[in-house]
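Structure first, commentary second.
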Amino acid sequence: MQKHLFLAGASGAIGRPLIALLLADGWAITGTTRSAAKAQQLTALGIEAAVIDVFDADALHAAVLRARPDVVVHQLTDLPPGLDPARMAEARVSNARIRDEGTRNLIAAAVASGARRLVAQSVGFAYAPGTVPYREEDPLDLGTPAQPNVSGRGVASLERQVMAAPLEGLVLRYGSLYGPGTGFDTTTRSGPLHVEDAAEAARLAVRIGPRGIYNIAEDDGTVSIDKAKRLLGWRPKHGV
């Protein structure tokens, strides 16, 4: 019997290559977007599209229940094209809201639908300054009460919620993305990650691996990817 998957953020940079991988694995997919035009593009890729705002908890709940997924994948972000510096201050706030409130809504819907597994996108560049390579148990940079790190606290909220949910929760801490759809053909940033390698990590996490947090990046010494290699069988095919 074919298994069903709900992909939140299907029209994003990781969502599109992930769709191709999941379809090849035989999944029936319902994917979300906030854009009717992008919904048509998703339908053309061979999945069922749902035009949903993750902050509309009732509509999201109804969409996930209709999909009856075995697995839910959280690839939701709200970032400007090419990480436009002029828009990043506003984007950090909206992205943190997705990671906090949006994650809460998605988890509630996933639990209500009877899903067994949740794979969620996080970031591998939110660690508090320390000794590299950073490992999954190292602390995140939350800032201080006087100067809170909005992005870091959003990441922490997402991860805390996923790990506390009554699901097989896997958090993928992606490195600095580059490649098609990201706005960057190459990158000189530390802990880089090609978008196709990010999608492959999500594909693997949908099927295998124990619950937990995994660094997913190229092995340039910024973060340790030993855990992902060992438990997910993931290795980057691009870059260093």
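Under the condition of being small (Gly, Ala, Ser) and part of a loop (DSSP other than H, G, I, E, B), which residue from the range 29-47 is modelled with the highest pLDDT?
Once the filter is applied, the top-ranked residue is Gly46.
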Q: Check every one of the helices (runs of 4 or more DSSP H) wholly within the range 143-240 and list those with 3 or more residues that are within 24 Å of Asp78 (Cβ to Cβ) and in contact with a strand residue (DSSP E or B) (Cβ under 9 Å, 6 or more places away or on another chain).
A: 150-164, 195-207
Q. Looking at the range 157-180, is at least one residue without any contact (Cβ under 8 Å) to a residue 12 or more places away in the chain, crowded, with 18+ Cβ neighbours inside 10 Å, over 15 Å from the mean Cα position of the chain (by Cα) and farther than 19 Å from Lys229 by Cα?
A. no
Q: Please enumerate the residues belonging to the range 112-141 that are aliphatic (A, V, I, L, M), closer than 24 Å to Val206 by Cβ and assigned to a strand (DSSP E or B).
A: Leu118, Val119, Ala120, Val123
Q: Would you mind stating whether Gly12 is at pLDDT below 95, crowded, with 19+ Cβ neighbours inside 10 Å and either assigned to a strand (DSSP E or B) or under 15 Å from the mean Cα position of the chain (by Cα) (or both)?
A: yes
**Q.** Residue in the range 200-214 that is nearest to the chain's Cα centre (by Cα), counting only those that are of a type in the set (A, V, I, L, M, F, W, C) and closer than 17 Å to Ile29 by Cβ
**A.** Ala202
Q: Determine whether the range 48-67 contains at least one residue that is more than 15 Å from Thr103 (Cα to Cα), of a type in the set (Lys, Arg) and not in a helix (DSSP H, G or I).
A: no
Q | the range 36-76: number of residues that are touching a strand residue (DSSP E or B) at 6+ places or on another chain (Cβ under 7 Å) and either of a type outside the set (D, E, K, R) or under 23 Å from Val171 (Cα atoms) (or both) | A | 22
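The values are calculated or read from the model by the stated rules, or taken from the named source; none is laboratory data. Since we're looking at a predicted model, the values are computed, not measured. Don't worry about glycine lacking a Cβ; one is built from the backbone with ideal geometry, like all the others, and counts go over all protein chains shown.
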